[in-house]
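Scroll down for the structure; my scribbles are underneath it.
The values are calculated or read from the model by the stated rules, or taken from the named source; none is laboratory data. It should be emphasised that the depicted structure is a prediction, and the values quoted were computed from it without experimental measurement. Every residue, glycine as well, gets a Cβ built from its backbone with ideal geometry; the counts of neighbours run over all protein chains shown.
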Amino acid sequence: MLRTALRTLRSHRLRFALPALAVVLGVAFVTGSLIYGDSVSSAIATARANSQPDVSVAVRPTDAALQSTQDPSAAPPRLDATLLKRLRGVPGAVSARGTAEGRSFLAGSDGELIGDLYESAGVNYVPGPGGEDPRYPLTAGRGPRATGEIAIDEAAAERAGKGVGDRVRIVVDGTARNARVVGVLTAEDSRLASGGTLTAFDGATALRQFAPDQGGYTSITLTAAEGTSEAQLAQQTQKMLPDGLEAVTAAQLREEATAGSDDKLTNVLLSFAGIALFVSTFLVANTFTMLSAARAREHALLRAVGATRRYVMRQVLTEAAIVGAVASVVGYALGIGVAALLNTLFGAASGITAPLRIVQLTPVLAAFGVGIAITLLAAYVPARRAAAVAPVAALRTSRPPTPASLRRRGIIGATVTALGVALLWAAGGDENLLYTAAPVLLVGLIVLTPLIALGVTGLLRTPLRRLAGIRGKLAVENARRNPRRTAATAATLMVGLAMVTAVTVAVASISRMDEEEADAAMASDLRITAVAFGQVGADVADRVAHLPDAAAVTAVVNTDLRISEEDILPVTAVSPGTVERLAPITLRKGSLKRLDRGIAVEEQTAAARHLTLGSRVTGTLAGTDRKSSLPVVAIYEGEDFATTLVSGTRLPRTAHGDQARIAEVIADADPGRTAALQSDIRHTLDNPALLVQDRAEVRKAASNDTAEFLNIMYAMLSVTVLIGALGVVNTMGMAVSERVREIGMLRALGLDRKRLASILRIESVTISLLGSALGLMAGGAIGAAAVLTQPSVPLVIPWDRAALCFAATAAIGVLASLWPGRQAMAVPMLRAMGTDTE
Amino acid sequence: MSQRWDAPASSPTIGTVVAEGRHLTKVYGEGDTAVTALAGVSARFVSGEFTAIMGPSGSGKSTFMHCLAGLDTPTSGSARIGDTDLGSLNESRLTKLRRERIGFVFQSFNLMPTLTALENITLPCDLAGITPDPAWLRELVGTLGLADRLGHRPDQLSGGQQQRVACARALASRPAVVFADEPTGNLDSRAGAQVLSFLQMSATVFGQTVVMVTHDPVAAAYAGRALFLADGQLVHEMAHPSAAGVLEQMKAFDAGQQAAR
């Protein structure tokens, strides 16, 4: 049986090439996702396991102690030099080390920050007896000894294009400054594996930068002596610690770090791979159905000479299994390439390129399981049909009987589609229902497509005949000949385009909302914000205010006013003189000029708290330890900006700490000087971690993330659309081989090659556009329903993109007919004449 | 009636040569495996003449017709339709010539299954971009008894009806010559007789030149002239052939061939 199957496959190898290619793409997508996901998580796990091997136990403030920082008297005990000295004496500890760490960014030669900012850290360099820090072995230069000297990690040095002796721009705590690289170091540190950078400072500088309030280190770590376990050491250490501090083992630290990460990316990739595989089954099914029909006499002959139905069926399924297995092998190989591609793409963004683990059990099993199972599943119905051929069919010369009526299929399809539409309607307000409604709608449409195809091509008959004469008529009639196949082909494209459209509608709507919100939130000419995980320095507003073109400037600081233990009022600290001009607020009562004497309240908050002009609010501003009673001096409208305003002068004068983080600095320029001021600010601050944006840039930046997300979605869905295109090529190729005699006759009767190709082109474009139109409608409905589940998002239908999709599918139709067209043109005319060819 | 079907002024009058093969040879393959299908056949076909090309399987009769009709290119020699040497035409000119000046009736699978009978009949005209003469079309359809079948698809027609539709198609554009390749090969004798009578009438009444390839002596008897091919050569010509006479001739060839072996 295997040999017979192989022989069949060999003689029809061209027929199987395209469906196999579709499965190959699906399998490659699956294996690529799995290999990449596995490689990244194992690289991170390895890096975590090896991170800072000298740490056995870490001492840090307890969560409880940290949370009560509102009350300065309850602050956790300091991790200072005295404690460090004491901990060196813990039994079982070889050494103890004070660590002062915090966020620190490095700029490259182009002035842009490098590395993953979340994972980028500044650390203190602790020279040992030999002058070197064993935690950070140097590969070049020496350790930093004074302010203005730093050592950076090897990868960062390479990415920044800097070496020993070079000056680099660094950003710590919102302030940019230059530093000289005196050393290049290596480290076993999971932050490096995750794409971050390490900048080592001398001890005094690190302490000043990262732990100025604590009067000590950010943590103390201990190294266990041989024979002492981490747990034992932790226990011993804990005994020597005051309340508010805890000793945790390295194992526990690793566990805490791992807890947050999951395989989200892999799952997203896999779901897109699943869609690609789903549509590839249509190609496989189409091909096996076509071959079953073409080989009906062959199968009937087998049956006539005594083969059982099961034998015939098993023969077809064996062929399918071989196709699936071959496609899996090729798909796996291609999947390694996909993984490498993902590694490069995501690596370029995050800075992590994991070493690929090429042969792992899960991807291998998944590739073969999925590849073979999908192919078998798709070939099952055609195989059953092949087995159902009556032996007597071998003796008949007529063509195979016309397939069963589409009535039952139509009823089922219409029912499921209606259910999908109803669910979608109901889903307007329920996100979870949407995930059920979308697949139901698509499945319903897939079942219904043969009838839709008949209806649409029926309508197209007259216009096409008028437009393209007999060619149009022949093309549209050909598309109607096998409505099931036409439908399955259109459906492959439909699924891809429905996804593309749904995502496009949703993203366009969200982008519009983001842009509108950004617009509404910005009343000033310019805005200065920090990059993600960065900070705006305390001196930024002052420096901007001194620039010649600056008309008005205020820093916007979010903090809160503690009225009682339970009642905390979020307040925004601004500059009283300029806030009315710069912030998107409208004054209702009172005057903001007097804000330095009291508090301004947004009208809704005022109503909720029964506050009027002159009422008093009593509370403690975060970071201070003094209660103050503030009169309401103004009532304004502008909830999106702030619920309550106070003067920035009330803020505690601390340069560091979460209590007074500057959200943004907003500024107006003198008339017509916005651009000049913008470049002046950039030049003056010279801080790569700050964004200085005008209104247009703010608006654009608001939809930047969603635009990027949309591009990633498009990239993922392009595989599905590509398989859809292959489906059209496949169907047109099959059509040509089935119609060899007709083509020969038409050529003999005087149809030239160009017009022969154009008949195929019209058919191919008709099928493609049918799929496209259905996909656009279904996707539009799904996207709209998704948008309507979010009450605040306006529905935006991106007609231009829809038109582009439609045009692109027309192009797919034209391209897909090229190869089948060439096949058709090569058909010898004499094929139509004789009886010898079947 | 003869008055009515007088050929139009532009058409060749009786006696004009409308198709001609000169020393046509056709060799398939090369070297040791070369097979000579035609070994220098010359023949002329004048307007209004119904010629049967006879011969046993492998005699080269189909190849001769294919070369003459521009479906196949001869290895040497020339084929002409009217004044046009087919060898001088490129692919697209040849296609145009077939469309405008040649009609075809094949043995089987003659019609496009997706088109109605009428659409099949006007297919060559549609391809050429010309509007068929409605009176002529009506006459053809009436003569062939297809008037009530025009809206039907081929699978709704009998074999004889299908072949009559093919005949109407071949004549619809008033081609210089109609080539028929075993037109009755798949038909029963009654349906075959209808097709042959029509071809005969189209020559005698409509003045249509018809060249028919057949191996059936009964079919050949409808023709005004029979050419006999054997082993790629023209071996005999017979005017006003009768079925019995043709059969005799064929038997003589068979005997000769057997003797030669």
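So here's what we get for this one:
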| read-out | value |
| --- | --- |
| Only listed residue being at pLDDT 90 or above and within 20 Å of A:A748 (Cβ to Cβ), chosen from B:A52, B:A135, B:A117 | B:A117 |
| Helices (runs of 4 or more DSSP H) contained in region A:243-311 and holding at least 1 residues in contact with a Pro (Cβ under 8 Å, 6 or more places away or on another chain), modelled with pLDDT under 85 and of a type in the set (K, R) | A:296-304 |
| Residue identified as farther than 30 Å from A:V40 by Cβ, out of contact with any Gly (no Cβ under 8 Å at 6 or more places or on another chain) and hydrophobic (A, V, I, L, M, F, W, C) among A:A179, A:A225, A:A234, A:A250 | A:A234 |
| Residues being touching a strand residue (DSSP E or B) at 6+ places or on another chain (Cβ under 6 Å), under 17 Å from A:A107 (Cβ atoms) and part of a helix (DSSP H, G or I) - total across region A:682-714 | 1 |
| Residue within region A:182-195 that is touching a residue at least 60 places away in the same chain (Cβ under 8 Å), polar (S, T, N, Q) and more than 15 Å from A:G115 (Cβ to Cβ) present | no |
| Any pair with Cβ under 7 angstrom, 6 or more apart, that starts in region A:40-51 at a residue that is part of a loop (DSSP other than H, G, I, E, B) and ends at one that is among the acidic types (D, E) and surrounded by fewer than 19 Cβ atoms within 10 Å (Cβ to Cβ) | A:S51/A:E188 |
| Residues of region A:652-663 that turn out to be surrounded by fewer than 22 Cβ atoms within 10 Å (Cβ to Cβ) and at pLDDT 80 or above, as a count | 1 |
| Answer residue from region A:797-833, given it is surrounded by fewer than 16 Cβ atoms within 10 Å (Cβ to Cβ) and either of a type in the set (D, E, K, R) or touching a His at 6+ places or on another chain (Cβ under 6 Å) (or both) and is nearest to the other protein chains (Cβ to nearest Cβ) among those | A:R822 |
| Scan of region B:148-162 for residues that are within 14 Å of chain A (Cβ to nearest Cβ) and either among the acidic types (D, E) or under 19 Å from the mean Cα position of the chain (by Cα) (or both), ordered by number | B:D155, B:G159, B:Q162 |
| Strands (runs of 3 or more DSSP E) (entirely within region A:507-604) containing at least 2 residues that are of a type outside the set (D, E, K, R) and within 21 Å of A:A663 (Cα to Cα) | A:526-530, A:550-562, A:568-574, A:599-602 |
| Matching option when the condition is closer than 20 Å to A:T218 by Cβ and touching a Leu at 6+ places or on another chain (Cβ under 9 Å), among A:L117, A:L185, A:L138, A:L113 | A:L185 |
| Region B:58-80 residues that are over 15 Å from B:E20 (Cβ atoms) and touching a residue at least 60 places away in the same chain (Cβ under 8 Å), paired with ones that are among the acidic types (D, E) and buried (at least 24 other Cβ atoms within 10 Å of the Cβ) (beta carbon under 9 Å, 6 or more apart) | B:S62/B:D181 |
| In region A:466-488, the residues that are of a type outside the set (A, V, I, L, M), within 11 Å of chain B (Cβ to nearest Cβ) and crowded, with 18+ Cβ neighbours inside 10 Å | A:R471, A:G472, A:K473, A:E477, A:N478, A:R480 |
| Strands (runs of 3 or more DSSP E) wholly inside region B:183-261 containing at least 3 residues that are surrounded by fewer than 18 Cβ atoms within 10 Å (Cβ to Cβ) and free of Cβ contacts under 8 Å to residues at least 24 places away in the same chain | B:233-239 |
| Test set (1) among the hydroxyl-bearing types (S, T, Y); (2) under 15 Å from B:V177 (Cα atoms); (3) in contact with a helix residue (DSSP H, G or I) (Cβ under 7 Å, 6 or more places away or on another chain) - B:T204 fails condition number | (3) |
| In region A:100-141, the residues that are β-branched (V, I, T) and either modelled with pLDDT of 90 or more or more than 29 Å from A:V531 (Cβ to Cβ) (or both) | A:V123, A:V126, A:T139 |
| Complete set of residues in region A:572-626 that are out of contact with any strand residue (DSSP E or B) (no Cβ under 6 Å at 6 or more places or on another chain), within 23 Å of A:A521 (Cβ to Cβ) and β-branched (V, I, T) | A:T605 |
| Sole residue being buried (at least 24 other Cβ atoms within 10 Å of the Cβ), more than 30 Å from A:R741 (Cβ to Cβ) and not basic (K, R), chosen from A:G775, A:G771 | A:G775 |
| All helices (runs of 4 or more DSSP H) inside region B:99-147 with 1 or more residues being at the interface with chain A (Cβ under 8 Å from one of its Cβ atoms) and either touching a residue at least 24 places away in the same chain (Cβ under 8 Å) or under 18 Å from the mean Cα position of the chain (by Cα) (or both) | B:123-128 |
| Those residues of region A:717-774 which are among the small types (G, A, S), away from chain B (no Cβ under 14 Å) and more than 23 Å from A:R15 (Cβ to Cβ), in sequence order | A:S718, A:S772, A:A773 |
